[in-house]
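Report on one structure; see the data block that follows.
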Amino acid sequence: MIEINNVSVQFGGVKPIDGLTVNLTKPIVGLIGPNGAGKTTLLNVMSGFVEPKTGWVKVNGETITGLPAHKRAEFGLRRTFQTDQIAEDLTLLENVEAIADHSTFENREARRKAVYGAIDFVGLSHRLNRRGSDLSTEERHLAEIAKALIGSPKLVMLDEPGAGMSGSESEHLQKVIRGIPGYCKSQVFLIDHDVDLISACCNETMVLDFGKLLALGPTLEVLKKPEVQQAYLGNFDELEAAA
Ligand SMILES: Nc1ncnc2c1ncn2[C@@H]1O[C@H](COP(=O)(O)OP(=O)(O)O)[C@@H](O)[C@H]1O
Ligand SMILES: [Mg+2]
């Protein structure tokens, strides 16, 4: 459960988030909006990279705004970045293990299970010992998701995990994302431009435009709204196809 209350962000003369209030209750929530709508900025507020000028965010009833980034991680907030953060010179296994170093586990076996389990869950067990530099774009996105699943997450936020993927790769990604709430009891907040991915994964979708809430509701209903189609003028055909 995510509660966003009157959140505003200001960068000089730009207000990428403008008095946003919204409650997001479904297991997998989508966030769409045109380029520059404020999607990544909202995710930055939630993950602690940007302090809002006004407002607060609660996750499962706990206020997370104001907590330093490491406390948010401890609480169970996880995110991926639009530009992946895979270390090129480490293997996939080492990349995921590095995240486990920041979490606490009952014992070594529990840690090992979390690391290997997450890699297996995203379908990359056969790439364990490949270096980051040898991974494809799809594999890097999946590796980022594996990292986000370590250490009992409560909320996993994915920033455009489908960018640069082909159709069949995107289908695998859909399965992975849909499986997250069952795998680790975490809510998922999915930002993407790909409305097919959003429709396939999200029970509920919110639309941001110029930092304000344009629509919120069941995904297919939201995609059919005239004001949403209008905001997406350039991608009208894509929206039509998905709805
Ligand atoms: N650190 C920053 N400093 C100044 N302006 C920023 C900064 N980050 C984002 N912006 C501006 O805020 C707006 C929203 O950006 P962003 O949240 O990245 O949009 P989206 O992810 O929806 O494409 C854009 O106009 C962008 O240029
Ligand atoms: Mg963005």
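Read the figures in this text as sums done on the coordinates, not as results from a lab. Predicted model, so just to flag it, every value in this text is computed and none were measured. Cβ placement follows ideal geometry from the backbone for every residue including glycine, while neighbour counts extend to all protein chains displayed.
Put in line by how crowded their Cβ is, counting other Cβ atoms within 10 Å and starting with the fewest, L223, L90 read L90, L223. Taking amide H atoms as placed 1.01 Å from N in the peptide plane, the amide H of Q10 lies under 5 Å from those of K53, each 5 or more residues away in sequence or on another chain. Between the range 1-23 and the range 154-179, what is the separation of their alpha carbon centroids in Å? Each part's Cα centre sits 26 Å from the other's. Restricting the calculation to alpha carbons of the chain gives Rg and Dmax of 17.6, 54 angstrom.
Springs between alpha-carbon pairs under 10 angstrom, Gaussian network model over the chain: which of E204, E97, E227 fluctuates most? Most flexible of the set in this elastic network: E227. In order along the range 52-61, phi translates into HN-Hα couplings of x, 6, 9, x, 8, 10, 10, 10, 6, x Hz, rounded to whole numbers, per the Karplus curve 6.51 cos²θ - 1.76 cosθ + 1.60 with θ = phi - 60° and x for Gly and Pro. Available extension along the chain between E62 and N129 is 20.3 nm, counting 0.36 nm per residue and deducting the alpha carbon span. Around the amide H of M157, modelled in the peptide plane, lie the amide H atoms of R78, R79, T80, F189, all under 5 Å away and 5 or more residues distant in sequence or on another chain.
Among C202, C184, a tally of other beta-carbon atoms within 10 Å of each Cβ gives an order, fewest to most, of C184, C202. Applied to the range 221-230, the Karplus parametrisation 6.51 cos²θ - 1.76 cosθ + 1.60 on θ = phi - 60° returns per-residue 3J(HN,Hα) values of 4, 5, 5, 7, 5, x, 5, 6, 4, 4 Hz, with x for Gly and Pro.
If you wrap a convex hull around the C-alpha atoms of the range 87-143 and split its volume per residue, what is the figure in Å³?
Values: hull volume 4.1 nm³, N = 57.
Each residue corresponds to 72 Å³ of Cα convex hull volume.
Of all DSSP beta bridges confined to the chain, the antiparallel ones make up roughly 55%. The protection proxy used here, the mean number of other Cβ atoms lying within 10 Å of each residue, ranks peptides 74-82, 128-136 as follows, highest first: 74-82, 128-136.
Under the rule a/c < 1.5 gives rounded, and otherwise a/b versus b/c splits prolate from oblate, where does the range 122-204 land using the Cα gyration tensor?
Values: a/c = 1.94, a/b = 1.18, b/c = 1.64.
Since a/c reaches 1.5 but b/c is at least a/b, the shape of the range 122-204 is classed as oblate.
Proximity of backbone amide H atoms, modeled 1.01 Å from N, is registered between K26 and no other residue at under 5 Å, excluding neighbours fewer than 5 places apart on the same chain. Shown in residue order for the range 157-172 are the 3J(HN,Hα) couplings computed by the Karplus curve 6.51 cos²θ - 1.76 cosθ + 1.60 at θ = phi - 60°: 10, 10, 9, 6, x, x, 4, x, 9, 7, x, 6, 5, 5, 5, 5 Hz (x for Gly and Pro).
Descending by average beta-carbon neighbour count within 10 Å, the peptides 16-27, 36-47 line up as 36-47, 16-27, the highest first.
Modelled label positions at D120 and E74, each set 7 Å beyond Cα in the direction of Cβ, lie 3.1 nm from each other.
Taking 30 Å as R0, compute the FRET efficiency from the Cβ-Cβ separation of S103 and E171 and round it to 0.05. List each step's numbers first, then the result.
Numbers: r = 30 Å, r/R0 = 1.01.
That gives a FRET efficiency of 0.50.
With the gyration tensor restricted to C-alpha atoms of the range 1-97, the semi-axes of the equivalent ellipsoid amount to 25, 17, 14 Å, longest first.
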